[in-house]
Every structure is written in C-alpha cells, then in structure tokens.
Amino acid sequence: MTDTGTDSATATDKLTVAVLGTGIMGAAMARNIARAGHTVRAWNRTRAKAEPLAADGAHVTESPEEAVRGADVVLTMLYDGGAAMEVMREAVPGLRPGTVWAQSTTAGLESVPLLASFAAEHGLVFYDAPVLGTRQPAEAGQLTVLAAGPARGRETVLPVFEAVGARTVWTGDDGAAATATRLKLVANSWVVAVTAAAGETLALAHGLGVDPADFFGLIAGGPLDMGYLRAKGAAILEGGLSPASFAVVTAEKDARLIVAAGEAHGVRLDVAAASAERFARAAAQGHGDEDMAAAYYASFDEGEPPAAV
Ligand code: NAP
C-alpha cells in the first residue's frame with residue numbers, strides 16, 4: 001500500500017472530466033474538479049441536482065453519453081454497482097478506448113469485477129477508487145481516495161484524485177481485484193458499527209431516563225470517547241439529521257455489501273447484519289433520506305422515542 005499526498009508531482013495539463021452522479025458526494029467532487037481548473041461535464045439522473053454546478057463552470061449534460069464524449073477521465077459516483085453499470089451502458093456510444101474510468105461508487109465485491117470486465121470490453125483504463133470521508137470533507141476536497149489500477153493512466157487520474165482528496169492510498173495495480181474496495185468495506189464496517197452503537201446507546205439512555213450529558217461526561221477524554229460518537233450523538237440529540245451526510249438508505253446498502261463480502265470469505269458479521277436491519281427499519285419509518293444516525297429511531301416501535309420517563 002502506498003500513500004500519495006496532494007503535493008505529489010503529477011501532470012499539470014487540464015483534463016476533461018465526466019462526472020456521472022451528482023448526489024451528496026458526486027456534486028461536491030465535481031465542484032472541486034472544476035475549481036481545480038479542469039473541464040467538467042456533469043450528468044445526473046435527476047437533472048435538477050446537477051444544475052447548480054453550472055455556477056462553478058461545469059457543463060450539465062442531457063445524457064451520460066454526452067458527458068463522456070471526448071472525456072479524458074470518467075468519474076462515477078452513483079448509488080451502487082448496479083447503477084454504475086446501468087449508467088455506463090448508457091454512456092457506451094460516447095466512450096472511446098483509452099479513456100480512464102475512476103469508479104468511486106461504493107459498489108461491493110461482487111460488482112467491482114463486473115465493472116472491470118465492462119471496462120476491459122470497451123478498452124477503458126479502470127480504477128477501483130472508492131472514497132473515505134463524507135459530505136463535509138467532500139465539499140472541502142479533503143477525501144481520502146483508495147485506489148487500485150494500472151500504472152499507465154495514473155498520471156491522468158491522479159489530478160482528479162488530488163482535486164477531490166487530501167490523500168490517495170494505492171492498494172494495487174489491478175482494479176478488477178477490488179483491493180481498494182476491500183479496504184473501503186473494512187473501514188465502513190467500522191463506520192456502520194460505531195453509528196449503530198451510538199444510536200442504541202442514546203436510545204437506551206432515553207429509555208432508562210439517563211441524561212445523555214451524564215454518559216458523555218462519564219467517558220469524556222477517556223479511551224471510550226471518540227469524535228465520531230460525539231458527531232453522531234449531536235446529530236441525534238440536536239436535530240442535525242437533515243440534510244444527510246450519509247443517508248440511511250445508503251448506509252443500509254453498504255451494510256449489506258459488507259455482510260455479503262464477509263459471507264463470501266467465510267466471515268460472519270453479526271453487527272453489520274443487525275445494522276442493516278436497523279437502517280431498513282428506520283427507512284420504513286420514514287427516515288431513509290436522513291443521516292444514518294437516524295437509525296436511532298429504529299430502537300422505538302413507533303419510530304419515535306416515547307416521552308421521557
Ligand atoms: P446520493 O446523494 O444518494 O447519490 C446517489 C446518486 O446515484 C444520485 O446521483 C442518484 O441519482 C444516482 N442513482 C441512483 N440510482 C441510479 C440509477 N439506477 N441510475 C442512475 N443514477 C442513479 O448518495 P451519496 O451519498 O452521494 O453516495 C454516492 C456513493 O458514494 C454511494 O455508493 C455511497 O455509498 C458512496 N459514499 C458515500 C459517502 C457519504 O458519506 N455520503 C461517503 C463515501 C462513499 P438521483 O439524484 O436521480 O437520485
């Protein structure tokens with residue numbers, strides 16, 4: 001594994017970058033790529049979400065095909081592997097062999113080899129390139145990019161990674177082997193576990209009539225304290241669940257990808273499986289578009305905490 005900081009030597013030429021998918025993450029990434037001086041062509045299924053990017057100089061396109069035509073780099077940041085495949089199929093008439101494809105959707109271990117095969121079929125240079133970091137680091141261009149892909153093409157893709165991230169961590173030179181996605185799933189299993197535990201702990205405090213401030217005071221500054229718990233706790237207790245940094249429905253998708261990856265490799269993951277059910281329950285209660293911290297509500301039958309005891 002190698003680590004590349006932002007000040008590594010890379011090609012200074014400006015690129016044409018097609019960004020397919022301008023949701024929470026894709027919009028922020030497209031904006032930072034445009035601000036770095038590259039030409040951005042942005043496409044989103046719901047066009048209204050891409051339109052604000054025009055103010056940053058991005059060209060908003062009607063179709064994936066139009067976005068990718070003549071692009072040096074295609075960046076996909078869609079919901080899941082299925083969506084990435086669907087959108088890339090639509091882009092086919094505009095794709096040319098030799099184009100670099102940075103696939104940043106969290107797609108899972110089943111999808112990445114399929115996406116890599118599609119790339120090979122169409123002569124694209126494929127990078128398995130999921131990112132670590134959420135809305136705020138994405139907006140600040142401070143993501144960590146986990147990347148696997150061939151040496152040829154790195155000079156072209158690196159300026160894009162540097163525009164969206166503070167760090168690029170290279171995990172290998174074969175995107176199809178999904179080494180970057182493996183690391184991403186391991187990291188997200190931790191994110192999912194901490195989020196679920198934070199929600200359950202605060203739900204229990206509520207049910208037992210324990211002031212959350214007493215819990216936070218008890219662990220303050222010790223090894224059980226952590227910034228992530230504080231951030232998710234504040235989102236739950238102080239009404240910071242919308243707009244989401246990482247939506248409940250997306251977290252459920254990731255939890256299921258993590259469970260499937262474990263199953264495929266003989267590893268049973270009870271916490272991730274239970275977390276997927278909590279996210280699903282919270283979504284059914286109407287919290288699907290809220291931040292994943294809203295899985296807190298899954299602890300209560302009515303979807304809302306009962307009046308304090
Ligand atoms: P998001 O805001 O929900 O965006 C999802 C995007 O996928 C939207 O552009 C959506 O289009 C598009 N999409 C979904 N299904 C589609 C389909 N069948 N065809 C075409 N487009 C489709 O999610 P996000 O938070 O930006 O996440 C995007 C990816 O990054 C996910 O894989 C997620 O796991 C990963 N990720 C997220 C975070 C985070 O903190 N948010 C961090 C790291 C990685 P519409 O606008 O039309 O719905």
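Pick out, from Thr99, Ile258, Ala163, the residue whose Cα sits farthest towards the positive end of the charge dipole of the chain, with +1 on the Cβ of Lys and Arg and -1 on the Cβ of Asp and Glu. Value computed over the given set: Thr99. In the chain, what percent of the accessible surface is made up of carbon and sulfur (1.4 Å probe, ligands and nucleic acids excluded)? Exposed carbon and sulfur together represent 54 percent of the surface.
For region 76-169, the relative contact order is 24 percent, taking Cα pairs closer than 8 Å that sit 6 or more residues apart in sequence and dividing their mean separation by the residue count. What the phi angles of region 201-216 give under the Karplus curve with 6.51, -1.76 and 1.60, with θ = phi - 60°, is a coupling list of 5, 6, 5, 5, 4, 4, x, 8, x, 8, 5, x, 4, 5, 5, 5 Hz, glycine and proline written as x.
3J(HN,Hα) along region 70-86, derived from phi through the Karplus expression 6.51 cos²θ - 1.76 cosθ + 1.60 where θ = phi - 60°, amounts to x, 6, 7, 10, 10, 10, 9, 9, 10, 4, 8, x, x, 5, 4, 5, 4 Hz, with x in place of Gly and Pro. In the chain, a dipole from Cβ-located charges (positive for Lys and Arg, negative for Asp and Glu) runs towards its positive end, and of Asn44, Leu224, Gly172 it is Gly172 whose Cα lies farthest in that direction.
Using the Karplus relation 6.51 cos²θ - 1.76 cosθ + 1.60 with θ = phi - 60°, the per-residue 3J(HN,Hα) values for region 254-260 come to 5, 4, 5, 4, 5, 4, 5 Hz, with x marking Gly and Pro. Residues whose amide H comes within less than 5 Å of that of His59, counting only those at least five positions distant or on another chain, are Val40, Arg41, Ala42 (H built at 1.01 Å from N in the peptide plane). Just going by the charge dipole of the chain, with Lys and Arg at +1 and Asp and Glu at -1 on Cβ, which of Thr76, Ala294, Val191 is farthest out on the positive end? Value computed over the given set: Thr76.
Multiplying the residue separation of Leu237 and Asp214 by 0.36 nm and removing their Cα-Cα distance gives an extension gain of 6.9 nm. About the centre of its Cα atoms, region 183-299 shows a dipole size close to 300 debye [charges on the beta carbon of Lys, Arg (+1) and Asp, Glu (-1) only; nearest 20 debye].
List the relative contact order of the chain as a percent without decimals, with contacts defined as Cα pairs under 8 Å and 6+ residues apart. Can you show the working numbers first?
Working: 628 pairs, mean separation 46.9, N = 309.
Relative contact order comes out at 15 percent.
Computed per residue of the chain from DSSP H runs no shorter than four, each worth -39500 (n - 2.57), the mean residue ellipticity at 222 nm is -13500 deg cm²/dmol. Between Trp170 and Thr2, Asp3, Thr4, Ala147, the built amide H atoms are under 5 Å apart, and every one of these is 5 or more places off in sequence or on another chain. Proximity of backbone amide H atoms, modeled 1.01 Å from N, is registered between Leu143 and Gly165, Ala166 at under 5 Å, excluding neighbours fewer than 5 places apart on the same chain. Counting only DSSP beta bridges whose two residues both lie in the chain, roughly 25 percent are antiparallel. Where both bridge residues fall in region 2-177, DSSP classifies roughly 20% of the beta bridges as antiparallel.
The values are calculated or read from the model by the stated rules, or taken from the named source; none is laboratory data. Computed from a predicted model, the values in this text were never measured in an experiment. For neighbour counting, all protein chains shown are included, and Cβ atoms are generated from backbone atoms with ideal geometry for every residue, glycine included. Note: accessible area is taken over every heavy atom of the protein model, side chains too, but ligands, DNA and RNA are not part of it. Shrake-Rupley method; radii C 1.70, N 1.55, O 1.52, S 1.80 Å.
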